[in-house]
Amino acid sequence: MAGSGSVSEQVLSRYSSKAPGEVVVYEPDHLTVAQLELETVPYHDGVHVIEAEAATVVETWYLQIKVEGLEYVAGAEAFLSGMAGSTGLSDADDGEDDNTVYFTLRKGDDGGVPVICNIFNTFGRLPDSRNQLKVTFDIRTVDGRTETREFDITDLFSTENAREHNWLLLDETITIDPPEPPGPDEGGGFQPEVGDWEDENHDIVI
């Protein structure tokens, strides 16, 4: 079996909607495997060459969602639940463990529409009867806020874009409000104040 490691505590602390017992892992790297079930190695003298074509056991997908107020986004991450936590190398069967895959997102532009998006890897989905496919977006704003949005994307895997291109294109739009202007007593800038002048008389010894 091939699996992926659990995320660090630093990453886990940013996943605000984590459910009890939920396992969050990094996306897996590609792993190529070649199988020849009927191959036999006869008695030979010297070198016997086995030819096989290797293929990856990891799926690659593209995730995208529209964002209004993208200029106020400093960074974003995604947590995709309902993914298989491992896969077999000999029979490529998905493991029975239910994991959430973590990956970062980047700002993008889809035909003039601002989006956050990225490509990610996974061992695939669990059987449909057990799937709870939801994605949680954790977005950090330029003024230090954290915006969290969660969407059920189970039906999205059945769309034509998903079946033919491995594209998960959400129709929803995330709206990020602009930062609030600082009040008169807020902000870290230097704000000197000068009062009224008063006359002061002093003797100066030279």
| Using the heavy atoms of the protein chains alone and a 1.4 angstrom probe, what is the accessible area of the chain per residue in square angstrom? | 66 Å²
| If you average over every viewing direction, what projected area does the convex hull of the Cα atoms of region 29-115 give, in nm²? | 9.6 nm²
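What does the helix-only formula give at 222 nm for the chain: each DSSP H stretch with n ≥ 4 adding -39500 (n - 2.57), the total divided by the residues, and the result rounded to the nearest 500 deg cm²/dmol? Intermediate values should be presented prior to the final figure.
Details: 2 runs with 11 residues, N = 206.
Taking each H run of at least 4 residues, the total per residue is -1000 deg cm²/dmol.
Considering only protein heavy atoms and a probe of 1.4 Å, how much of the accessible area of region 17-119 is carbon and sulfur, as a whole percent? It would help to have the intermediate numbers written out before the result.
On the way: 3000 of 5870 Å².
After summing per-atom areas, the C and S share lands at 51 percent.
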| field | Nearest-10 value in Å² for the accessible area of F123, using the 1.4 Å probe | value | 10 Å²
| the chain: Rg/Rh from Cα coordinates, Kirkwood Rh? | 1.29
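The values are calculated or read from the model by the stated rules, or taken from the named source; none is laboratory data. In this text, all values refer to a predicted model and were calculated from it rather than measured experimentally. When the accessible area is computed, the model is the full protein with side chains, heavy atoms only, and any ligands, DNA or RNA have been set aside. Shrake-Rupley method; radii C 1.70, N 1.55, O 1.52, S 1.80 Å.
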